Amino acid sequence: VFEMLYDGDRVTAPGGAKITVAYCPTNQKLSLEAGSTVELGAAAFRTASGKAPQAVPFKCALPRVALGSENLERAGALRGRGDPPIPLYTGGNLTTPHPLLKWEPVKEATSYKLTVIDDNDDTRVWSAEKPAPLSEIAIDHAVVLKPGISYRWELTAEAGGKIVGRQSTTFTIKPNAELATIPADRDAGMLRAITLENAGYFGEAADSFRQLQARNPGDTRISRHLAWLYWNAGLTEAAKRELERRPPG
């Protein structure tokens with residue numbers, strides 16, 4: 001189980017188990033013995049009880065953003081352009097010229113139409129039509145998407161010949177072969193997510209944080225962070241939907 005930790009949090013290894021904590025302020029990985037507790041600070045940690053953790057060097061990264069009520073209110077005030085809108089999960093800067101287009105499935109949909117358009121001259125560069133259920137599709141590798149060009153992708157959900165959802169957003173290819181590589185282990189996956197965020201690939205960073213959220217559905221801090229990432233990637237409806245999922249208070 002993975003969880004985002006913050007200044008002031010305490011971590012306790014339960015009896016009979018060990019816990020590993022990636023402590024980014026000092027680029028260390030802490031191994032806690034059963035029954036031990038550490039308190040995490042912004043610049044240092046301390047052993048609150050039990051045996052001091054074993055610390056080994058570990059390459060780490062922290063998000064460079066701070067979330068406040070103003071951020072969340074602004075994201076929540078945004079509205080998607082679709083009718084009815086669909087949360088799209090691919091947008092902003094992308095590391096690969098062959099992105100995987102992702103969205104939240106529309107319950108009533110029986111089919112989806114996707115179109116990618118050069119946002120500068122409205123030239124259609126790729127289109128596809130697929131049956132539901134579906135929540136992602138890769139752009140054909142034969143399609144050449146140029147770096148630095150703003151593209152718009154449009155998604156239409158249909159049922160019985162009627163439109164039941166529609167949405168569009170933009171993306172730009174900003175190649176980064178190193179960040180495009182998906183790591184095999186989860187520790188590296190979280191490091192990649194934060195590195196993507198710090199490099200401005202907000203939509204792709206959100207993919208990894210969404211996986212973290214699935215393993216920790218009750219952690220509202222992840223929901224807040226996801227909303228911020230979607231907002232910065234131009235995925236306005238996804239940001240709004242994420243805030244709607246948060247419990248009141």
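The values are calculated or read from the model by the stated rules, or taken from the named source; none is laboratory data. Computed from a predicted model, the values in this text were never measured in an experiment. Please note: Cβ atoms are built from the backbone with ideal geometry, for glycine as well, and neighbour counts cover all protein chains shown. Accessible surface areas use protein heavy atoms only, side chains included; no ligands, DNA or RNA. Shrake-Rupley method; radii C 1.70, N 1.55, O 1.52, S 1.80 Å.
Couple of notes before you dig in:
- Residue count, the stretch 231-249 (criterion: out of contact with any strand residue (DSSP E or B) (no Cβ under 9 Å at 6 or more places or on another chain) and at pLDDT 75 or above): 7
- Pick from the stretch 31-82, criterion open to solvent by less than 40 Å² (accessible area, probe 1.4 Å), of a type outside the set (A, V, I, L, M, F, W, C) and closer than 30 Å to Ala157 by Cα, ranking: modelled with the highest pLDDT: Gly82
- Screening Lys113 with (1) touching a Lys or Arg at 6+ places or on another chain (Cβ under 9 Å); (2) among the basic types (Lys, Arg); (3) not in a strand (DSSP E or B) gives one miss only, at (3).
- Subset of the stretch 94-114 that is over 22 Å from Lys240 (Cβ atoms) and either in contact with a Leu (Cβ under 6 Å, 6 or more places away or on another chain) or without any contact (Cβ under 8 Å) to a residue 40 or more places away in the chain (or both) - its residue that is most open to solvent (accessible area, probe 1.4 Å): Leu100
- Taken together, Gly203, Gly165, Gly218 contain a single residue that is in contact (Cβ under 8 Å) with a residue 40 or more places away in the chain and either part of a helix (DSSP H, G or I) or surrounded by fewer than 14 Cβ atoms within 10 Å (Cβ to Cβ) (or both), which is Gly203.
- Scanning the stretch 132-154 for residues being acidic (Asp, Glu) and out of contact with any Ser or Thr (no Cβ under 6 Å at 6 or more places or on another chain) gives a total of 2.
- On inspection, Arg152 fails the criterion of being in contact (Cβ under 8 Å) with a residue 60 or more places away in the chain and either under 24 Å from the mean Cα position of the chain (by Cα) or open to solvent by 60 Å² or more (accessible area, probe 1.4 Å) (or both).
- Tallying residues that are under 9 Å from the mean Cα position of the chain (by Cα) and among the hydrophobic types (A, V, I, L, M, F, W, C) within the stretch 190-211 yields 5.
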